[in-house]
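First the structure, in the form of structure tokens, and then the observations on it.
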Amino acid sequence: MKPRPARRRPVQGPAARRKPIRRRPIRLRLTLVYSGLFLLAGATLLAVTYGLVARSLNTSLAAAVSSPTGSYQAQALHICESSAASPAEVANCKAKAQNSLKKVTEDSAAAQRDQTLARLLDYSLAALAAVAVASAGLGWIVAGRALRPVHAITAAARTASEENLGHRIALAGPEDELKELADTFDAMLGRLDAAFASQRRFVANASHELRTPLTVMRTAIDVTLAKPGRTQAQLEAMAAEVRQAVDRAEALIEALLTLARSDRGSGPREPLDVAVLAEDALDAAAPAIRACPVTIETALRPGPALGDPVLVERLVTNLVDNAVRHNVPNGWVQVATGTREGMAFIEVANGGALIPEEAVPSLFEPFHRLSQRAGSPDGTGLGLSIVRSVALAHHGQVTARHRPAGGLEVSVLLPGHPA
């Protein structure tokens, strides 16, 4: 028989040979830290106590050896006096008796000292071990209670999703780091919930707004084609209606693209002048101004800024168009530009219907109209939303104030640029 060739095992690299490292939970690590600190403190206290007791016993031993008094010394001296004949022998006997008694006292005291210190060490070590075990159990319990908010935060993070952002931790207790973390997480969930809700509303409104011109075009075409004897005038009217719906859809799509671009961040920054952009916007809005009609008042001073020319132009155009469109016949529009505290500004005010003060912030929401009618032919509902988005993309500010006599005043600050 031919010997079978030995099987070659696949060569494994260092990453394959490396065993997975099991991470110890933080509760165990905290328990070990608590127990270690307690053992260190207990050992230090034991060492100090042992040293003090040993020093005290050494002092007592020295005192006992230096002055051995008592019945044993008296008996030894009496024996020496009665047994010795001469004074020299009595003195020699007394010296020997004292030396012998001193040695016995020293040995006895040293033995007692060693026994006392040994018992102290044994009892102390046993007590330290018992208390260390108890401290480990208590540390495990305390660490679990301290980490309970972390488990709550972890559970909330696991259950959080786009469809489930309403759960809150609402941690109760002292104002410590864990409560601050839980409150911060709750605030983050609130912002995410609001952002997702705003996104859902935006998508729903955008789909409705885009569906409206398509419905208008389809209805106009179907109604015209359903007529058996349609005339040239009817076809032209249908074409005009379809063209108007196409223009509306195109304007809405352009506004949506502008809003998406500004939300993503501005493009290349270039020097520009908001006064020039305001003049261009007023020239472009001249037909609407004459059709309304409205009176235009301008105070256009140079307003050098640094930003994306396309987005800033859209911002200025939307401000002017919004002021002209949402006005009253024979109304007025005021446009002012310039610099203020190193920033370029543009302010547009207009007359019109009375706007409640509490409704002003909602005007910057996409597709929000005071009439609350989606699909209104009066604009796309994205004008002020684009204004706010562009201003935030340029790290600017936008504020709006209602006018007691009716109308709105919008002010935008953009980062300035040296002229």
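Do we have residue 311 as in contact (Cβ under 8 Å) with a residue 60 or more places away in the chain and assigned to a helix (DSSP H, G or I) here? Spell out the reasoning first.
Details: in contact (Cβ under 8 Å) with a residue 60 or more places away in the chain: yes; assigned to a helix (DSSP H, G or I): yes.
Yes; evaluated as a whole, the condition is true for this residue.
This table checks each residue for (1) buried (at least 18 other Cβ atoms within 10 Å of the Cβ); (2) assigned to a loop (DSSP other than H, G, I, E, B).
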site: 288; (1), (2): no, no
site: 302; (1), (2): no, yes
site: 315; (1), (2): yes, no
site: 320; (1), (2): yes, no
site: 327; (1), (2): yes, yes
site: 345; (1), (2): yes, no
site: 354; (1), (2): no, yes
site: 362; (1), (2): no, no
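Tell me whether the range 191-206 contains one or more residues that are within 25 Å of residue 385 (Cα to Cα), crowded, with 17+ Cβ neighbours inside 10 Å and modelled with pLDDT of 80 or more. Spell out the reasoning first.
First pass over the range 191-206, keeping only residues within 25 Å of residue 385 (Cα to Cα): 191-206.
Imposing the further condition that a residue be crowded, with 17+ Cβ neighbours inside 10 Å reduces the set to 193, 202, 205-206.
Among the residues that remain, those that are also modelled with pLDDT of 80 or more are: 193.
Among the residues of the range 191-206, at least one is within 25 Å of residue 385 (Cα to Cα), crowded, with 17+ Cβ neighbours inside 10 Å and modelled with pLDDT of 80 or more, which makes the answer yes.
Hey, could you check the range 318-348 for residues that are β-branched (Val, Ile, Thr) and touching an Asp or Glu at 6+ places or on another chain (Cβ under 8 Å) and say which is nearest to residue 417 (Cα to Cα)? Reasoning before the result, please.
Here is the first cut: in the range 318-348, the ones β-branched (Val, Ile, Thr) are 320, 324, 328, 333, 335, 337, 339, 346, 348.
Then keep just the ones that are touching an Asp or Glu at 6+ places or on another chain (Cβ under 8 Å); that gives 333, 335, 337, 348.
On the way: 333: 27, 335: 21, 337: 14, 348: 21 Å.
Taking the candidates together, the pick is 337.
So for the range 130-141 (the condition being at pLDDT 80 or above, polar (S, T, N, Q) and not assigned by TED's automatic domain parsing to the domain that holds residue 49), does at least one residue qualify?
Going through the range 130-141, the residues at pLDDT 80 or above turn out to be 130-141.
In the following step, the residues that additionally are polar (S, T, N, Q) were identified as 135.
Imposing the further condition that a residue be not assigned by TED's automatic domain parsing to the domain that holds residue 49 reduces the set to none.
No; the residues of the range 130-141 include none that is at pLDDT 80 or above, polar (S, T, N, Q) and not assigned by TED's automatic domain parsing to the domain that holds residue 49.
Determine whether the range 198-213 contains at least one residue that is in a helix (DSSP H, G or I) and in contact with a Gly (Cβ under 6 Å, 6 or more places away or on another chain). Before you say what the answer is, go through the steps one by one.
Initially, the range 198-213 is screened for residues in a helix (DSSP H, G or I), giving 198-213.
Subset that is in contact with a Gly (Cβ under 6 Å, 6 or more places away or on another chain): 212.
For the range 198-213, residues in a helix (DSSP H, G or I) and in contact with a Gly (Cβ under 6 Å, 6 or more places away or on another chain): present.
May I ask you to list pairs of residues, at least six apart or on different chains, whose Cβ atoms are under 7 Å apart, with the first in the range 277-302 being farther than 17 Å from residue 315 by Cβ and the second being charged (D, E, K, R) and modelled with pLDDT of 90 or more?
Pairs found: 302/273.
When you scan the range 230-286, how many residues do you find that are in contact with a helix residue (DSSP H, G or I) (Cβ under 9 Å, 6 or more places away or on another chain), of a type in the set (D, E, K, R) and buried (at least 16 other Cβ atoms within 10 Å of the Cβ)?
Within the range 230-286, residues that are in contact with a helix residue (DSSP H, G or I) (Cβ under 9 Å, 6 or more places away or on another chain), of a type in the set (D, E, K, R) and buried (at least 16 other Cβ atoms within 10 Å of the Cβ) number 3.
The values are calculated or read from the model by the stated rules, or taken from the named source; none is laboratory data. Values in this document were obtained by computation on a predicted structure and should not be read as measured data. All Cβ positions, glycine included, derive from the backbone under ideal geometry; neighbour counts span all protein chains shown.
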